[in-house]
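**Q** The structure's right below; bear with me while I get my questions together.
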Amino acid sequence: MSKKAVLLVNLGSPDSLKIKDVRAYLKEFLSDRRVFDAPTPIREYILYAKVLPFRPRKTGEAYSKVWTEEGAPLTVISRRVRELLQAKSSLPVEIAMRYQNPSIRSVLEKLAAQGVDDLFLIPLYPHYAMSSYETVVVKTREDLAAAAPGMKLTVLPPFYAEPDYIDALCQKAKPFLDKGYDHILFSFHGIPERHLRKGDPSKAHCTIAPDCCHSCSPVHTVCYRAQCLRTVDEMVRRLGIPKEKHSFSFQSRFGREPWLKPYTDLELERMGEEGKIRKLLVICPAFVSDCLETLEEIAMEGKKSFVEAGGREFEQIPCLNDHPAWIDFLAERVNRFANGGAVAEALQLNHA
C-alpha cells in the first residue's frame with residue numbers, strides 16, 4: 001500500500017537577523033529565474049554589484065522591526081499552521097520553504113526515508129504567478145526527481161475563488177468592517193506587467209483586451225491580476241461592501257520596469273492627501289501568513305505614508321494566519337486526498 005503525506009510550502013525568511021543570513025536569503029530568492037528573469041549577465045550584475053553589497057543591511061533592519069523571539073513571523077506562523085493541520089489529519093504534514101530553511105529538498109528526503117511515495121503539495125499561495133505558485137511547483141518537481149524519483153505528486157491548484165477560502169477571508173475581515181470604516185484597500189503583492197504577457201499562452205489577451213480581467217477567458221487560469229480581482233469581487237459581494245468604499249492596488253515593486261498598477265504606496269499617499277478617508281482599512285489577500293510585506297511594509301510604513309500625507313485612522317487587517325476557517329479549508333483538501341478523492345493536478349507550467 002502507498003504511504004501518503006502532505007507538504008505545505010511558503011516563501012521563506014532569513015534564518016536570523018545576521019547580515020550573512022539575510023544575504024543568503026536574498027541571494028537565493030533573487031537568483032530564481034522565475035522571480036528575477038532578466039538575462040543572465042544583467043541579473044548577475046544587478047544581484048552581485050547592486051543588491052547583495054547593500055540590500056542585506058536594509059532588509060535586515062526591516063526584519064528587525066517584526067522579528068519575534070521564535071524567529072521570522074512567516075516561519076513561526078507557518079509552523080503553527082502545520083501543527084494545527086496535523087491535528088486534523090491522519091497523514092503526516094510537513095512544512096518547507098521555497099527559499100532557505102527548511103528547504104524543500106531536505107523535507108522530501110526526510111519523507112522518502114519514512115517510506116512516503118504519494119505526496120500532496122500545497123503551495124501556500126492563493127493566486128497563480130510564475131514568481132510564487134509556479135516556482136514552488138517547479139522546484140518541488142526538480143527536487144523530487146533528484147531525491148525521490150518514484151514519489152507520486154499531486155498539487156493543489158490556486159484557490160483564489162474557492163468558496164471556503166473566500167469565507168475564511170470574510171470571517172477574518174468582518175470584525176474590522178463591523179467597527180466602521182470609510183474605505184477598504186485590497187493590496188496584493190505586485191509582479192512586473194511583463195510577467196502577465198509572458199504567462200499568456202494566447203499572446204493576445206492580457207493587458208490588450210478591454211477590461212480583460214473581468215471578461216471570460218481561459219487565460220485567467222494563469223493570470224495573476226484576473227485572479228486577484230476575482231478574489232476582490234467575491235469578498236465584496238459576500239461582505240456587501242459598496243463599490244465606492246473599496247479599491248485595489250499592488251505593492252512591493254522592485255526595479256524600474258512597470259509593475260501592476262495602481263501602486264499601493266502611491267495610493268496610500270493619494271488617499272491621505274485627498275482627506276476624504278478618515279478611517280482606512282487595508283487587507284492583503286495574496287498572503288496567507290503575516291510577513292515582512294504585511295507587517296513592515298503595510299502596517300508600519302504604509303500607515304506612516306497615509307498619516308503623514310494627511311490621513312487619520314489606518315488599520316491593517318491581519319492575514320489568515322492560524323484562523324480556524326483557514327485550517328478547516330486546508331484540512332478539507334488534505335482529507336479529500338487522504339480518502340482518495342479527486343484533487344486537481346497543478347497547471348501545466350512552461351515558463352523559463
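**Q** Determine whether segment 40-52 contains at least one residue that is under 18 Å from residue 294 (Cα atoms), hydroxyl-bearing (Ser, Thr, Tyr) and either surrounded by 15 or more Cβ atoms within 10 Å (Cβ to Cβ) or not assigned by TED's automatic domain parsing to the domain that holds residue 289 (or both). Walk me through it before giving the result.
**A** First, pick out the residues of segment 40-52 that are under 18 Å from residue 294 (Cα atoms): none.
No - not one qualifying residue is present in segment 40-52.
**Q** Name the residue, out of 116, 155, that is touching a residue at least 40 places away in the same chain (Cβ under 8 Å), under 26 Å from residue 33 (Cβ atoms) and either out of contact with any Ser or Thr (no Cβ under 8 Å at 6 or more places or on another chain) or not acidic (Asp, Glu) (or both). Reasoning before the result, please.
**A** Working: 116 fails: under 26 Å from residue 33 (Cβ atoms).
Only one candidate qualifies: 155.
**Q** Regarding segment 162-175, can at least one residue be identified that is modelled with pLDDT of 95 or more and under 18 Å from residue 252 (Cβ atoms)?
**A** no
**Q** Give me the residue from segment 94-111 that is charged (D, E, K, R) and touching a residue at least 24 places away in the same chain (Cβ under 8 Å) and, out of that set, farthest from residue 143 (Cα to Cα).
**A** Residue satisfying both the conditions and the ranking: 94.
**Q** Would a scan of segment 270-284 turn up a residue that is in contact (Cβ under 8 Å) with a residue 24 or more places away in the chain, of a type in the set (A, V, I, L, M) and under 30 Å from residue 153 (Cβ atoms)?
**A** Looking for residues that are in contact (Cβ under 8 Å) with a residue 24 or more places away in the chain, of a type in the set (A, V, I, L, M) and under 30 Å from residue 153 (Cβ atoms), one finds none in segment 270-284, hence no.
**Q** Which pairs turn up if I take residues in segment 163-185 that are touching a residue at least 40 places away in the same chain (Cβ under 8 Å) and look for partners that are of a type in the set (Phe, Trp, Tyr) with beta carbon separation below 7 Å, at least 6 apart in sequence or on another chain?
**A** Going by the 7 Å Cβ cut-off, the qualifying pairs are 164/329; 165/159; 165/329; 168/326; 168/329.
**Q** Considering (1) surrounded by 20 or more Cβ atoms within 10 Å (Cβ to Cβ); (2) more than 12 Å from the chain's Cα centre (by Cα), say which one residue 126 fails and leave the rest.
**A** Failing condition for residue 126: (2).
**Q** Across segment 83-97, what is the number of residues that are in contact with a Leu (Cβ under 6 Å, 6 or more places away or on another chain) and either of a type in the set (D, E, K, R) or exposed (fewer than 15 other Cβ atoms within 10 Å of the Cβ) (or both)?
**A** Counting residues in segment 83-97 that are in contact with a Leu (Cβ under 6 Å, 6 or more places away or on another chain) and either of a type in the set (D, E, K, R) or exposed (fewer than 15 other Cβ atoms within 10 Å of the Cβ) (or both) gives 1.
**Q** If you don't mind, there's one more thing I want to ask. Within segment 67-94, work out how many residues are out of contact with any strand residue (DSSP E or B) (no Cβ under 8 Å at 6 or more places or on another chain) and within 15 Å of residue 13 (Cβ to Cβ). If you could, list the steps in order and put the result at the bottom.
**A** Of all residues in segment 67-94, those out of contact with any strand residue (DSSP E or B) (no Cβ under 8 Å at 6 or more places or on another chain) come to 67-73, 77, 80, 83-84, 87-88, 90.
This time we only want the ones that are within 15 Å of residue 13 (Cβ to Cβ), so: 67-73, 77, 80.
Within segment 67-94, residues that are out of contact with any strand residue (DSSP E or B) (no Cβ under 8 Å at 6 or more places or on another chain) and within 15 Å of residue 13 (Cβ to Cβ) number 9.
The values are calculated or read from the model by the stated rules, or taken from the named source; none is laboratory data. Because the structure is a prediction, the values reported are computed rather than measured. Here Cβ is always computed from backbone atoms with ideal geometry, including for glycine, and neighbour counts include all displayed protein chains.
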